[in-house]
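As structure tokens, the structure follows; a few thoughts come after it.
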Amino acid sequence: MKRWLLIITVCLFSVGADAAQGILRHGIPKYDFIADSLNRIITPGETSRRDAFFEKMDSVVLCHEGMVNILHIGGSHVQADIYSNEIRRNMDSINDMTLPGRGLIFPYTVAKTNNPSNYKITYRGEWATTKNVMRDRKATLGLTGMAVTTSDSLAEFTVCLNGKQQSNRWTCNKLFLLGYTDSTAMVEPFVRLTDSSLFAARYDSTTSVYVFEFDRLVDTFTVVFDQMDSVPHEFTITGMLPEKSAPGVVYSAIGVNGATVPSYLSCENFDRDLSLIRPDMVVFAIGINDALVKYFSEEKFIQRYDSLIARVESVSPDCYYVFVTNNDSYKRVRANRRTHYEVNKNGLKARDAFYKLAEKHGGSVWDLFEIMGGLGSMKEWEKAGMAAKDKVHFTHKGYILIGDLFYNALMNAYLEKNIKD
């Protein structure tokens, strides 16, 4: 099998640029202040993790076999799921007609915060929200860093995996519901489909999830609860994983507005939930909030990331890491009763820390800080309509560009590795 795969690889990549045409994202706008020549994946140390990941990609790209799981984790940049969804959409050129599952999602709308526009959530009933950025928490948290809890007998929420998209791209015939109750004997979740058919769950005590299996592919479903007691009991949802049996790249993205590395370290069931995905690659994009402080400690930042990586390795010991450096940003400063913006020089310190982390853990760096133009470049992005006025976040246009740049950098690294081999 390995020799056969190698022969196909040599045949495909011997055509060089022609092969890349079907993988790379083309038509990306050019801007003078963006360093396109720096748009690459940099591996400062040992490359065995990267090479092993690219070998797994071979099965998907060349043979349309196997599954590659990628997890993208961050703060508000990722909760919006604009640039991570652009990467996901681009990955479909690799998936071709195999069309695997959507990846991990959370009902942000129920938590009364911004939900990604690429899937739609509607709900009814009273719900309480817990986030990993809160000091006082009412719920135990998992991988998503969020939870919604209800004891309302009328509570339910509906998920439409395709959102406003005029397509039926995302479907599933299995659903993993991440959650728990204060009384398993007195409250139970069910799934209702659009034709009103009900499906009961199988509780998996190993992973502590509720598993629903459907007799068809669906893109819309409603989670409801059966309160079997006159005294209402609480049920907490911490995420959902809609799945289908199809090979390809599954791209999960999780984010919480304002989250830092310690925010995710504080999630008690982080490792347990991660075992459902078992990522082959983790894109670490946590850091912008860690650096929005007066005094930034590179040493503490690295130590905290070390702890988070250790938790990933307890589940996926051979995982490949890509660290996305912080984007250039500005801090809002108030002095003499006036407010102004100052460039956040902590971005440089965080950038150095990411390179050290990549070398230490056999990972790679995607240097967004330098690609976008370096210190002070956020103002240029704002002038071009690609950054928000807060000079920390991007506009929809800016996020799409970032997603395309990252995807191309990763695929170029993959192509170069195969051509070299």
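The values are calculated or read from the model by the stated rules, or taken from the named source; none is laboratory data. Being a predicted model, the structure only gives us computed values, none of them experimental. Here Cβ is always computed from backbone atoms with ideal geometry, including for glycine, and neighbour counts include all displayed protein chains.
Any residue that is over 23 Å from D318 (Cβ atoms), of a type in the set (A, V, I, L, M, F, W, C) and modelled with pLDDT of 95 or more - is there at least one of those in region 36-57?
Yes, the conditions are met somewhere in region 36-57.
Answer yes if at least one residue in region 176-188 is part of a strand (DSSP E or B), in the same structural domain as F225 (by TED's automatic domain parsing) and over 27 Å from the mean Cα position of the chain (by Cα), and no otherwise.
Narrowing region 176-188 to residues part of a strand (DSSP E or B): 176-181, 187-188.
Within this subset, residues satisfying the condition of being in the same structural domain as F225 (by TED's automatic domain parsing) are 176-181, 187-188.
Filter again for over 27 Å from the mean Cα position of the chain (by Cα), leaving 187-188.
There is at least one residue in region 176-188 that is part of a strand (DSSP E or B), in the same structural domain as F225 (by TED's automatic domain parsing) and over 27 Å from the mean Cα position of the chain (by Cα).
Can you name the residue in region 369-388 that is part of a helix (DSSP H, G or I) and touching a Leu at 6+ places or on another chain (Cβ under 8 Å) and is also nearest to I400 (Cα to Cα) among such residues?
Per the stated criteria, the residue is I371.
Report yes if some residue within region 114-128 is among the β-branched types (V, I, T), farther than 16 Å from K164 by Cβ and either part of a loop (DSSP other than H, G, I, E, B) or at pLDDT 95 or above (or both); otherwise report no.
No.
Any residue at all in region 325-348 that is in a helix (DSSP H, G or I), more than 19 Å from the chain's Cα centre (by Cα) and not hydrophobic (A, V, I, L, M, F, W, C)?
Scanning region 325-348, I find at least one residue that is in a helix (DSSP H, G or I), more than 19 Å from the chain's Cα centre (by Cα) and not hydrophobic (A, V, I, L, M, F, W, C), so the answer is yes.
Look at region 403-421 and say how many of its residues are assigned to a helix (DSSP H, G or I) and acidic (D, E).
Summing the residues that are assigned to a helix (DSSP H, G or I) and acidic (D, E) in region 403-421 gives 2.
Could you go through region 162-177 and let me know if any residue there is surrounded by 12 or more Cβ atoms within 10 Å (Cβ to Cβ), more than 16 Å from Y119 (Cα to Cα) and hydroxyl-bearing (S, T, Y).
The answer is no, given that none of the residues of region 162-177 is surrounded by 12 or more Cβ atoms within 10 Å (Cβ to Cβ), more than 16 Å from Y119 (Cα to Cα) and hydroxyl-bearing (S, T, Y).
I'd like to know if region 276-284 contains one or more residues that are part of a helix (DSSP H, G or I), within 19 Å of the chain's Cα centre (by Cα) and either surrounded by 18 or more Cβ atoms within 10 Å (Cβ to Cβ) or on the phi < 0 side of the Ramachandran plot (or both). Before the answer, list the steps.
Let us first name the residues in region 276-284 that are part of a helix (DSSP H, G or I), namely 276-277.
Subsequent filtering for residues that are within 19 Å of the chain's Cα centre (by Cα) retains 276-277.
Restricting the remaining residues to those that are either surrounded by 18 or more Cβ atoms within 10 Å (Cβ to Cβ) or on the phi < 0 side of the Ramachandran plot (or both) gives 276-277.
Within region 276-284, one or more residues are part of a helix (DSSP H, G or I), within 19 Å of the chain's Cα centre (by Cα) and either surrounded by 18 or more Cβ atoms within 10 Å (Cβ to Cβ) or on the phi < 0 side of the Ramachandran plot (or both).
Restricting attention to region 294-308, does a residue exist that is buried (at least 21 other Cβ atoms within 10 Å of the Cβ) and closer than 30 Å to E55 by Cα?
Among the residues of region 294-308, at least one is buried (at least 21 other Cβ atoms within 10 Å of the Cβ) and closer than 30 Å to E55 by Cα, which makes the answer yes.
Per-residue answers, yes or no, for (1) at pLDDT below 95; (2) among the hydrophobic types (A, V, I, L, M, F, W, C):
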position: F369; (1), (2): no, yes
position: M378; (1), (2): no, yes
position: K383; (1), (2): no, no
position: A387; (1), (2): no, yes
position: G398; (1), (2): no, no
position: G403; (1), (2): no, no
position: N408; (1), (2): no, no
position: E416; (1), (2): yes, no
position: D421; (1), (2): yes, no
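All but one of (1) buried (at least 16 other Cβ atoms within 10 Å of the Cβ); (2) assigned to a strand (DSSP E or B); (3) over 17 Å from the mean Cα position of the chain (by Cα) hold for V250; which doesn't?
For V250, the failing item is (3).
Starting from residues that are modelled with pLDDT of 95 or more and of a type in the set (G, A, S), keep the ones in region 67-99 and report whichever is surrounded by the most Cβ atoms within 10 Å (Cβ to Cβ).
Residue satisfying both the conditions and the ranking: S84.
Looking at N257, N269, can you tell me which residue is within 19 Å of M146 (Cα to Cα), under 14 Å from the mean Cα position of the chain (by Cα), surrounded by fewer than 24 Cβ atoms within 10 Å (Cβ to Cβ) and in the same structural domain as F394 (by TED's automatic domain parsing)?
Unique residue meeting the criteria: N257.
Evaluate region 194-202: report whether one residue or more is farther than 24 Å from Y108 by Cα and basic (K, R).
Checked against the condition, which is being farther than 24 Å from Y108 by Cα and basic (K, R), region 194-202 yields at least one hit.
Taking only region 23-41 into account, find how many residues are crowded, with 16+ Cβ neighbours inside 10 Å, outside any loop (DSSP other than H, G, I, E, B) and out of contact with any helix residue (DSSP H, G or I) (no Cβ under 6 Å at 6 or more places or on another chain).
The number of residues fulfilling the criteria is 0.
Answer yes or no: is there a residue in region 389-402 that is among the polar types (S, T, N, Q) and outside any loop (DSSP other than H, G, I, E, B).
no
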